[in-house]
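The values are calculated or read from the model by the stated rules, or taken from the named source; none is laboratory data. This one's a predicted model, so the numbers in the text were calculated from it and none came from an experiment. Cβ placement follows ideal geometry from the backbone for every residue including glycine, while neighbour counts extend to all protein chains displayed.
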Amino acid sequence: MSYFLPHLTNGWQVDMAILSEEDRVVIIRFGTDWDDQCMVMDETLSNVADLVKNFAVIYVVDINKVPDFNSMYELYDPCTVMLFYRNKHIMIDLGTGNNNKIDWAIEDPQELIDLIETVFRGASKGRGLVISPKDYSTKYKY
């Protein structure tokens, strides 16, 4: 499903996507198009892209073709989603301990829309850390 989403093919394009957007949240999925987790996340992102177009823009970056940000953003997971607002990385308290990024696939489109909307509302008020509407600390039930 990643072919429905705009791809950024070099570091300059990624920087310009983050820098140029003034009024919307920039969502960047770092990963590879062939990974199973990324395929699930891409499908969810493409399903919500039209619904959130007024307050968010979504891009896809292949970490093998654009390795510029791998060490800077610690992109070691197969699929990572990061959110930016006005050239600032917005952290999300998901209850997992890692507030910098989402490193799993979200399958429910409404769940992702709620998360993006929460980030937009918090970031537009000047907050650098927002609290997720859902607690993901019990995502893996043992």
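Structure summary
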item	result
Within the stretch 116-131, tally of residues that are surrounded by 14 or more Cβ atoms within 10 Å (Cβ to Cβ) and touching a residue at least 40 places away in the same chain (Cβ under 8 Å)	6
Per-region count, the stretch 70-90, residues among the aliphatic types (A, V, I, L, M) and surrounded by fewer than 18 Cβ atoms within 10 Å (Cβ to Cβ)	1
Which numbered condition CYS38 misses (of (1) of a type outside the set (Ser, Thr, Tyr); (2) without any contact (Cβ under 8 Å) to a residue 40 or more places away in the chain; (3) in contact with a Pro (Cβ under 8 Å, 6 or more places away or on another chain))	(2)
Hits in the stretch 95-115 - residues which are in a helix (DSSP H, G or I), free of Cβ contacts under 8 Å to residues at least 60 places away in the same chain and surrounded by 20 or more Cβ atoms within 10 Å (Cβ to Cβ)	LEU115
Residue identified as part of a loop (DSSP other than H, G, I, E, B) and free of Cβ contacts under 8 Å to residues at least 40 places away in the same chain among MET72, MET16	MET72
Residue in the stretch 59-77 that is in contact with a His (Cβ under 7 Å, 6 or more places away or on another chain), among the hydrophobic types (A, V, I, L, M, F, W, C) and at pLDDT 90 or above present	yes
Output for the stretch 54-69, where each listed residue is in contact (Cβ under 8 Å) with a residue 12 or more places away in the chain and surrounded by fewer than 14 Cβ atoms within 10 Å (Cβ to Cβ)	ASN54, ASN64, LYS65
Residues that are of a type in the set (Val, Ile, Thr), touching a Ser or Thr at 6+ places or on another chain (Cβ under 9 Å) and part of a strand (DSSP E or B), drawn from the stretch 27-69	ILE28, ILE58, VAL60, VAL61
Candidates ASP103, ASP135 - the one that is within 26 Å of ASN70 (Cα to Cα) and either at pLDDT below 90 or aliphatic (A, V, I, L, M) (or both)	ASP103
Yes/no for ILE92 being under 17 Å from GLU111 (Cα atoms), outside any helix (DSSP H, G or I), at pLDDT below 95 and within 14 Å of the chain's Cα centre (by Cα)	yes
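Listed here are the residues, each with its yes/no results for (1) under 15 Å from LEU112 (Cβ atoms); (2) of a type in the set (Ser, Thr, Tyr); (3) touching a Leu at 6+ places or on another chain (Cβ under 8 Å).
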residue	(1), (2), (3)
HIS7	no, no, no
ALA17	no, no, yes
GLU22	no, no, no
ILE28	yes, no, yes
TRP34	no, no, no
